[in-house]
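The values are calculated or read from the model by the stated rules, or taken from the named source; none is laboratory data. Note that this is a predicted model, so its numbers are computed, not measured. Cβ placement follows ideal geometry from the backbone for every residue including glycine, while neighbour counts extend to all protein chains displayed.
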Amino acid sequence: MSQFPVLTIDGPAGSGKGTVAEHVAQTLGWQLLDSGALYRLVALAAQKKKIAFDDNSRLTELAETLDAVFLPCEEGSTEVRLDNKDVTQAIRSEDCGLMASKIAAKAGVRKALLKRQRDYLISPGLVADGRDMGTVVFPDAFAKVFLTASVEERAKRRFNQLNQKGVDVSLASLIIDIEERDFRDINRSEAPLIAANDAITIDTSHLSIKQVVAQVLAIVKNRQ
Ligand code: C5P
């Protein structure tokens, strides 16, 4: 077990875990691991290199050799670079999320990313967000949170985010995308999306980001 504490924040797409993890990590002054970004990067790299989604050995090799860099920016956001190119926006598309969930079902890819994810645990501690942080990657984490929210609420959040960016998309299509991604993440055999036995579940459907962050920080404080 590591000498540094880990807080895991798992949950389905749109549950708010990314934003909550970012705020909590900033408040605690801990490292942040956005594990979903790694799966998105493998998906984007596979698309760029025209690697077929059923070519498991090349996908595994790609995940093993992924040239990914996360650069913290001044305002607290992170620039994501793939092969030295800024892909911060490109990996956030709905398409990339769907491709990532297909690639994330592959055992070889998950194995290749496991060590890389554990390497993020450095002083003074780590906030790790994803689907299997509390169950597989950091099973000994000192605090585990599982965020949920109704599919409608999660789609609405995504709809508002995309609208703000001027992206034209329908709420109905977002609900379908999220349901498809949930189904794949929950039903895969490798590290399926599920709350760890010792995780505290928070339904964020009717909570603001600020309220969720406060609840998560209180959980951390209680454990310290
Ligand atoms: O969290 P995010 O939406 O960026 O993740 C994209 C996809 O990557 C998810 O739908 C899921 O299939 C996969 N993922 C995963 N395990 C993680 C993080 C993400 O399988 N720890």
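Determine, yes or no, whether Gln117 is without any contact (Cβ under 8 Å) to a residue 12 or more places away in the chain and not hydroxyl-bearing (Ser, Thr, Tyr). Here the answer is no, as Gln117 does not meet what is asked. Please verify whether Ala52 is within 15 Å of the ligand (Cβ to nearest atom) and within 21 Å of Cys96 (Cα to Cα), treating the condition exactly as stated. For Ala52, the condition - within 15 Å of the ligand (Cβ to nearest atom) and within 21 Å of Cys96 (Cα to Cα) - is not met. Can you find a residue in the range 102-113 that is within 14 Å of the chain's Cα centre (by Cα), closer than 29 Å to Phe159 by Cα and surrounded by fewer than 20 Cβ atoms within 10 Å (Cβ to Cβ)? No, that holds for no residue. Scanning the range 143-180 for residues that are modelled with pLDDT of 95 or more and within 25 Å of Trp30 (Cβ to Cβ) yields Ala143, Lys144, Val145, Phe146, Leu147, Thr148, Ala149.
Among the residues of the range 49-70, not a single one is at pLDDT 95 or above and under 30 Å from Glu152 (Cα atoms).
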